[in-house]
Amino acid sequence: MSAPPRVLTVAGSDSGGGAGIQADLKTMLALGVHGMSVLTAVTAQNSLGVQGAWELPVEAVRAQYRSVVDDIGVQAVKTGMLSSAELVGTVADLLAGTDAPTVVDPVGVSKHGDALLAASALDSVRTKLLPVATVVTPNLDEVAQLTGVRVESEPDMRRAAAAVLEFGPRWVVIKGGHLAGGASEEAVDLLTNGTEEHWLRAPRHDNRHTHGTGCTLASAIASYLARGHTVPEAVSAAKAYVTGALASGFSLGGGIGPVDHGWALRRGEA
């Protein structure tokens, strides 16, 4: 039996299992790829927030990456929490030497508003990480952090996308899930490479249990890219997977519960 496509996540751990490495690996399993991991940080985290975070040494991150890529190989890489400028630069260098599409989730803050990226690392994200990205997937807060563009309407999403693309990624997905007003019944994202433009719309579900949404989308895009889909196909399929996961998000603990990574497996839709 041949091995499934291989996808590597480079991200932090979520001890509550809703986001980070844990969400990435669950998504990859659900979408039929072999998930592998490079741990960048350990967090003490639950449904109420992040109680602590500890970054791993750069040497440990580099060793994990080389161990996986040099022996097993990868068809796609996804990055998440990279908390310091040194770590961002190290991972960017590793990605530049890897012949596989890369999906960058420029994690700035957690779902609960806890900072996961040092302010001093923002410039490294702009100048080192984004230029090696095949797809970058910022939410509206991350767009503002990276570019200064405040998105308050769908036309603003075009300006935000253009500002992100100036840093060098091939494609950008501006995630409009937090966009207020307009077509309030829809969650709209914009995918563009500066030439092609794809507006992705899905029903907005009235469910507060949305922990791990960003990690899940980026991992799903990487999984579909590893399976041979084009970027527009991969992002569209990932959007559909995340929409189902959001609809099935469940209560866990006393705060915001996770999206349901296994919904497609149970319905046979992966």
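Can you tell me how many residues in the range 230-248 are outside any helix (DSSP H, G or I) and touching a residue at least 12 places away in the same chain (Cβ under 8 Å)?
1
Does SER37 satisfy being exposed (fewer than 15 other Cβ atoms within 10 Å of the Cβ) and at pLDDT 95 or above?
no
If THR195 meets every condition in (1) modelled with pLDDT under 95; (2) more than 17 Å from VAL259 (Cα to Cα); (3) open to solvent by 20 Å² or more (accessible area, probe 1.4 Å) apart from one, which number is that one?
For THR195, the exception is condition (1).
Just checking: which of the strands (runs of 3 or more DSSP E) contained wholly in the range 26-106 hold 1 or more residues that are farther than 23 Å from VAL164 by Cα and not hydroxyl-bearing (Ser, Thr, Tyr)?
Counting at least 1 such residues, we get 34-46, 49-55.
Within the range 220-233, how many residues are closer than 17 Å to LEU25 by Cα and more than 11 Å from the chain's Cα centre (by Cα)?
Looking only at that region, the number is 5.
For ASN46, work out the one condition from (1) closer than 15 Å to GLY214 by Cα; (2) touching a Gly at 6+ places or on another chain (Cβ under 6 Å) it doesn't fulfil.
Condition (1) is where ASN46 drops out.
Among the residues of the range 161-180, count how many are at pLDDT below 95, more than 16 Å from VAL259 (Cβ to Cβ) and open to solvent by less than 50 Å² (accessible area, probe 1.4 Å).
Total meeting the criteria: 2.
Return the residues of the range 200-219 that are in contact with a helix residue (DSSP H, G or I) (Cβ under 8 Å, 6 or more places away or on another chain) and either at positive phi or of a type in the set (Asp, Glu) (or both); say none if nothing qualifies.
GLY212 - this is the single residue of the range 200-219 that is in contact with a helix residue (DSSP H, G or I) (Cβ under 8 Å, 6 or more places away or on another chain) and either at positive phi or of a type in the set (Asp, Glu) (or both).
For the range 197-219, indicate whether the set of residues that are within 13 Å of LEU31 (Cα to Cα) and either in a loop (DSSP other than H, G, I, E, B) or not aliphatic (A, V, I, L, M) (or both) is non-empty.
The answer is yes; a qualifying residue exists.
Go through the range 242-258 and give me each residue that's surrounded by 24 or more Cβ atoms within 10 Å (Cβ to Cβ) and touching a Leu at 6+ places or on another chain (Cβ under 7 Å).
Result: VAL242, PRO258.
Between residues in the range 203-229 that are under 14 Å from ALA240 (Cα atoms) and among the aromatic types (Phe, Trp, Tyr) and residues that are open to solvent by less than 30 Å² (accessible area, probe 1.4 Å) and assigned to a helix (DSSP H, G or I), which pairs lie under 7 Å by C-beta distance while being six or more apart or on different chains?
TYR224/ALA234; TYR224/ALA237; TYR224/ALA238
Quick check, is SER251 in contact with a strand residue (DSSP E or B) (Cβ under 6 Å, 6 or more places away or on another chain) and either under 20 Å from LYS26 (Cβ atoms) or without any contact (Cβ under 8 Å) to a residue 40 or more places away in the chain (or both)?
Answer is no for this residue.
I'd like to know if the range 128-139 contains one or more residues that are among the charged types (D, E, K, R), touching a residue at least 40 places away in the same chain (Cβ under 8 Å), assigned to a helix (DSSP H, G or I) and out of contact with any Leu (no Cβ under 8 Å at 6 or more places or on another chain).
Yes - at least one qualifying residue is present in the range 128-139.
When you look at GLY262, is it under 18 Å from the mean Cα position of the chain (by Cα) and within 13 Å of ALA30 (Cβ to Cβ), yes or no?
Yes.
Taking the range 4-23 only, how many residues are open to solvent by 10 Å² or more (accessible area, probe 1.4 Å), of a type in the set (S, T, N, Q) and not in a loop (DSSP other than H, G, I, E, B)?
Here the count works out to 2.
Would you confirm whether or not the range 120-127 contains a residue that is open to solvent by less than 20 Å² (accessible area, probe 1.4 Å) and at pLDDT below 90?
Yes, that holds for at least one residue.
The values are calculated or read from the model by the stated rules, or taken from the named source; none is laboratory data. Please read these numbers as outputs of a predicted model, since none were measured by experiment. All Cβ positions, glycine included, derive from the backbone under ideal geometry; neighbour counts span all protein chains shown. The protein model used for the area step is the full one, side chains on, heavy atoms only, and it has no ligands, DNA or RNA in it. Shrake-Rupley method; radii C 1.70, N 1.55, O 1.52, S 1.80 Å.
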